[in-house]
1. Would you be able to say whether some residue in segment 237-248 is within 16 Å of the ligand (Cβ to nearest atom), part of a loop (DSSP other than H, G, I, E, B) and either at pLDDT below 95 or within 23 Å of Glu83 (Cβ to Cβ) (or both)?
2. Filter segment 427-443 down to the residues that are at pLDDT 85 or above and surrounded by 14 or more Cβ atoms within 10 Å (Cβ to Cβ) and list them by number.
3. Scanning segment 311-341 for residues that are more than 12 Å from the ligand (Cβ to nearest atom) and of a type in the set (S, T, N, Q), which turns out nearest to the chain's Cα centre (by Cα)?
4. List pairs: first in segment 25-42 and more than 16 Å from Cys98 (Cα to Cα), second aliphatic (A, V, I, L, M) and assigned to a helix (DSSP H, G or I), Cβ under 7 Å, 6+ apart or cross-chain?
5. Write out, first by first residue and then by second, each pair whose Cβ atoms fall under 6 Å of each other, whose residues are 6+ apart or on separate chains, and whose first residue, in segment 321-334, is of a type in the set (A, V, I, L, M) and modelled with pLDDT of 95 or more while the second is away from the ligand (no atom under 16 Å from the Cβ) and not in a loop (DSSP other than H, G, I, E, B).
6. Which residue pairs have Cβ atoms closer than 7 Å, lie 6 or more positions apart in sequence or on different chains, and pair a first residue in segment 138-157 that is on the phi > 0 side of the Ramachandran plot with a second residue that is within 15 Å of the ligand (Cβ to nearest atom) and assigned to a loop (DSSP other than H, G, I, E, B)?
7. Looking at segment 313-320, is at least one residue in contact with a helix residue (DSSP H, G or I) (Cβ under 7 Å, 6 or more places away or on another chain) and either outside the structural domain of Asp221 (by TED's automatic domain parsing) or under 26 Å from Arg225 (Cβ atoms) (or both)?
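The values are calculated or read from the model by the stated rules, or taken from the named source; none is laboratory data. Being a predicted model, the structure only gives us computed values, none of them experimental. A quick note on method: Cβ atoms are made from the backbone with ideal geometry, for glycine too, and the neighbour counts reach across all protein chains shown.
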Amino acid sequence: MKGGIYVYTRPDPNEKYWDPEIETMARDKMRELQLSELKEMLQFCYDNSPYYKSAFDEAGVKPDKLKSLEDIKHFPFTNKKIERDRQEAVPDLGDMICVPESEIVYISASSGSTGVPTVSPFTAQDFDEFQDYQARLFWSIGMRPNDRYVHALNFTLFVGGPDVIGAMRTGAMGIWAGTVPTERLLFILQNFKATITWTTPSYAWYLAESAKKEGIDPAKDLNVRKLIVAGEPGGSIPATKMALEELWNAKVYDFYGLSDLFGANAGMCEEQNGLHMYEDHHLIEVLDPDTLEPVGEGERGELVLTTLRKKARPMIRFRTGDIVTVTWEPCACGRTAPRIMGIHGRLDDMLIITGVNVFPSDIEYVVRKDERLTGEYRMIVYRDENHLDRFEVEVEAVDPELVGSQELAEDIRAKIKVRVGVSPRKVHVKADGDLPRATHKAKRVIDKREGVWQE
Ligand SMILES: [Zn+2]
């Protein structure tokens, strides 16, 4: 075989781990490995990327300043904005790139709402390692050669598209569906007796509702017994996860990914207790977004990642904007990789209401738990006459008789207050079907603040 991209391996289905050595490596040994990878990576960036050279010079650090993993704190951050700016300053791949273009074999591009999409380039080796990593995540949810996997993620430029190759590496049957209309997807799932599929939590919900309308009960009439969800916090919100598991009669596994780095960077194992993120590829920091100092283990903070192996465009201290909690406590599965125990939301989704941080996922936590509600919800944020930010919440009652119920509204309002520390001004109890259904990513926040105040 020539070249660096291959698809198949023939793993032993009885092997518990995809990569036993890495997945169960003792922490001190892993840190040693990380330190040698990181030293090499910083030098590689400094020698090959004009951007990193000037950024390090400006910060007054040389790669050899790093003697321990903690020394990463001396190096400058990157973020989405820098990524985009560098791409615009040095068209068309930017100067964070560390290899000649001839070595790049694949680019994905994220659909920014404005301007040029940001690209993520891979060398042949990066791509192989990327798919090996995806296979590791798929294997850890129990994907095996006798599985049939329907890949229903977008293939157009989206870095999640090629993940179907990672699934095929486990020996499973890869069915390349892509984003087809809902009825078509249901047909594919049913016709090919798919055992595993992957979508957003909102779409999984919508898909099940649509199936039922067509007389298909996903729990009985489909063979999907494992459902991967990503793109929204739902898969890590217990009530949402449980509701989806019941709708589908399937286990739900939350995955988390960043298109700037990889497809999926972390995923639940069969224990379904947090998302493993593997440290041979990532140096993980969890920082207070204001002070940029590390928070204690298990405390909420912004996830900051350094790629340790990616050569085409390494990311040093990439501020993800995602607020997470991470633990290094051992997992019952025997893997030593740390786990993201909660993805609470994105910094840019975070609302500050009377000094309290509020994430839409906190509202979801309450709404999805209450059996009187359909689980659909929407937040409306506005500024009141005193220029204070306020919010209202819209929910849907299952029972038509509860529509408009003040008692139910007050009860939900109180529960939200307990969860987030601040109560919505009003809760509106609407009828089943009043709120728009999301097909892919749900729009849960209506922000009416723009134009009220010029900032
Ligand atoms: Zn585990």
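1. No, because not a single residue in segment 237-248 is within 16 Å of the ligand (Cβ to nearest atom), part of a loop (DSSP other than H, G, I, E, B) and either at pLDDT below 95 or within 23 Å of Glu83 (Cβ to Cβ) (or both).
2. Scanning segment 427-443 gives Val427, His428, Val429, Lys430, Ala431, Asp432, Asp434, Leu435.
3. So the residue we want is Thr320.
4. From residues that are more than 16 Å from Cys98 (Cα to Cα), the pairs are Arg31/Leu69; Gln34/Leu69; Leu35/Leu69.
5. Val326/Val286
6. Gly142/Glu270
7. Residues of segment 313-320 that are in contact with a helix residue (DSSP H, G or I) (Cβ under 7 Å, 6 or more places away or on another chain), as a first pass: 314, 316-317.
So of that shortlist, the ones also either outside the structural domain of Asp221 (by TED's automatic domain parsing) or under 26 Å from Arg225 (Cβ atoms) (or both) come out as none.
Within segment 313-320, none of the residues are in contact with a helix residue (DSSP H, G or I) (Cβ under 7 Å, 6 or more places away or on another chain) and either outside the structural domain of Asp221 (by TED's automatic domain parsing) or under 26 Å from Arg225 (Cβ atoms) (or both).
Condition check ((1) under 30 Å from Pro11 (Cβ atoms); (2) in a helix (DSSP H, G or I); (3) more than 23 Å from the chain's Cα centre (by Cα); (4) in the same structural domain as Arg148 (by TED's automatic domain parsing)) across all residues:
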{"residue": "Glu209", "(1), (2), (3), (4)": "no, yes, yes, yes"}
{"residue": "Lys212", "(1), (2), (3), (4)": "no, yes, yes, yes"}
{"residue": "Gly215", "(1), (2), (3), (4)": "no, no, yes, yes"}
{"residue": "Val224", "(1), (2), (3), (4)": "yes, no, no, yes"}
